[in-house]
Structure formats: C-alpha cells, structure tokens
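What follows is a short report on a single structure.
The values are calculated or read from the model by the stated rules, or taken from the named source; none is laboratory data. This structure is a prediction, so every number in the text was calculated from the model and none was measured. Positions of Cβ are generated from backbone atoms using ideal geometry, with glycine treated the same way; all protein chains shown enter the neighbour counts.
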Amino acid sequence: MTVKTVLVTGGAGYIGTHTMVELLASGYDVVCLDNFSNSSPEAVKRVEKIAGKRITSVTGDVRDREVMSRVFKRPIDGVIHFAALKAVGESVAKPTDYYGNNVGGSLALLEAMNERKVRRIVFSSSATVYGVPETLPLSEDAPVHPINPYGHTKAMVEQILHDWCAADLTCTAIVLRYFNPIGAHPSGTIGEDPHDVPNNLFPFIAQVAIGKRDKLTIWGGDWETPDGTGVRDYLHVVDLARGHVDALRYGFQNTGYRNINLGTGQGTSVLQMVAAFERAANKKISFAIGPRRAGDVAACWADASSAQQLLGWRAAMSVEQACVDGWRWQQQNVDGYRG
C-alpha cells in the first residue's frame, strides 16, 4: 500500500504536535508547516524523538504564496489545518489580525490545494462556534452563533469549506469542533507551552502548581452550576489527536462536508479540575474567586455521538489521566520548550 503524505499546518502547536505523533504512528508521512509565531522548532524535534521518524519541516506562513508553492511541489494527499490565532480575548482586541490570519490563511491554503488538486482537508474548528448553548449537550445541529471574533473566524471557515465541497463533489472537508483540550503526551516530552499568561485554565493551574504563578483566579463563583464555577468538557489532547487521524481516514474514504464534535460528553467544573490536579501533583492549588468574564457561559459539553458513529472514535482518557500527564510535562519542562 502506498504511504500517504499529510500536510499539517500549524503542526508545531499544542494539538498539532500530538496529532503528528499519532499520524506517524499510523504510518503516514508528515510535512509540518509552521511560522513559529506561537510555537517552537524544538517541538517538532520532540515529535521526531517520540515517533522515531523524520518529519519534513517547512518554516513559513500559509498566506505566503512562495512558501505554499514550495510545500506543494511534493505530492500531498491530504491536509490537517491547525494554523490560526486562538485567544478569544485577543481576538476581541485585535479582530483584523484574527480575520486576516484565520480566514485569509484558510483561503490561501485552499487556493494552493486547488492548484495542486488536493481534495482532502481536516479543519481544526471549535465549540466556540455555538456561542451560548440553548440546550445541553451540544450536538452538531445546534445553532451556530459565535459571540467573539475568534469564534466568527472558525464559523466563516466552516462555511467556506462547505461551499468548497458543494462546488466540487470530489472534495472532502471534515470539520472537527472540539471542546477543551487538556493534558500532555504521557512521556512528558510534548505539551502545552503558552508564551505569555495562559489563556486556558489547565496550563494556568499547572503553572501555579510548579510555582511560576502565585494563585489561580476563577472567573465567577455564582454560575448556575452545582458548585457555582463554570463547567466545560475537558478532553485529553491525545484523544483529540487520535480523532484527527480517524477523521483523516474517514476523509480518504468519503467525499463531502461534515462537521463533527470531539468531546467526552461530560462536564467538569473548575473546582473539580482544581481538585483533580491537586491529587495528581499532591499539592494544594491556591485560588481566588473573581468576577465573571464577559462572554463566558455557565456550562458547555458535547454530544459526541456522531464521532463514534462516523469515525469510530470516542474519548478513552480521563480528566485524572490528563492531570497526571500534564503535571509530568510541567515538571519536566518548567519553562516549556525554552527550558
């Protein structure tokens, strides 16, 4: 059987690195494209170390036609598209950056794919496209009502991919709407490496545990939830990575557009997450309750039944396991890839 080559844009990022490990383990050749604006070349070397295989790494931006021409000189069978800016708060402050990068970058990528007749893409979308949930759990037929520029960029690219597939019935776009990735590779070799103050709960807790930050601020203790703190669907990043490989396999066997949730189907509150990390690290996490943040919702978790039906995928790893693996990464890499 011919080995398929997969282009992974933004491959040096948190989810990209874990996905490249799973792709290599599944027998694919991998081309990583990253401009390293929010990632490190060291991360790609770590993936090669785990997998025991080489990656073709290209430094550049998907919006650079010369770079894309160079990337697509080699035969590419499919694309997994991660490259994007991803901080909700920053997207509110810098909306044009987000539309230019996330939407503009996706259009440039599709243009390059069209020129080379590459017709398979898995797109990294987000549960933020749903906005404020009307009912829970969230299924794929829930209304798409993003409430911030980041969510709008994801929803726009989803629509572009839908229309791309409608225009050419040989094309396939699998859109993965995922919930809250946490944890790290069990080896502790790769993990989440925020360059500034973490935007997400999990790396913030880990940095408090390791002593890099004094305490965690929990945004709101009066939500309509069992313990008053926000509830989210936290998914081990290795499970999420497996989901991309399963989606790619599905994309090689089917045509057309599909959007699919990836989540555990269970909600975990902030206080429950803090307690789980305390057990994993065997230390107390100092925290304070702050005001609610604008744009936050009380609770959000997935109906992930479509992923099981279509892809044969389901989350296999627990929040507890994610805390153990995330703590191992944090201990071994106090300053992330810069250490």
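Observations, loosely collected:
- Selection status of Thr128, of a type in the set (Val, Ile, Thr) and either at pLDDT below 95 or under 16 Å from Leu262 (Cβ atoms) (or both): yes
- When segment 160-217 is limited to residues that are within 30 Å of Pro291 (Cα to Cα) and β-branched (Val, Ile, Thr), the one that is modelled with the lowest pLDDT turns out to be Val197.
- Residue selected from segment 20-48 under the condition of a type in the set (D, E, K, R) and over 18 Å from the mean Cα position of the chain (by Cα), by the criterion nearest to Thr189 (Cα to Cα): Arg46
- Of the strands (runs of 3 or more DSSP E) contained entirely in segment 191-262, those carrying at least 3 residues that are surrounded by 23 or more Cβ atoms within 10 Å (Cβ to Cβ) fall at 234-236, 256-262.
- Annotation for segment 55-71: no member residue is small (Gly, Ala, Ser), in a strand (DSSP E or B) and within 23 Å of Asn200 (Cβ to Cβ).
- Residues of segment 78-90 satisfying the condition of being more than 15 Å from Asp61 (Cβ to Cβ) and surrounded by fewer than 22 Cβ atoms within 10 Å (Cβ to Cβ): Ala87, Val88, Gly89, Glu90
- Residue count, segment 72-101 (criterion: in a helix (DSSP H, G or I) and not hydrophobic (A, V, I, L, M, F, W, C)): 10
- Residues that are crowded, with 17+ Cβ neighbours inside 10 Å and not charged (D, E, K, R) were ranked within segment 59-71; the one that is nearest to Asp196 (Cα to Cα) is Val62.
- Residue satisfying all of: in segment 14-36; among the aliphatic types (A, V, I, L, M) and assigned to a strand (DSSP E or B); surrounded by the most Cβ atoms within 10 Å (Cβ to Cβ) among these: Leu33
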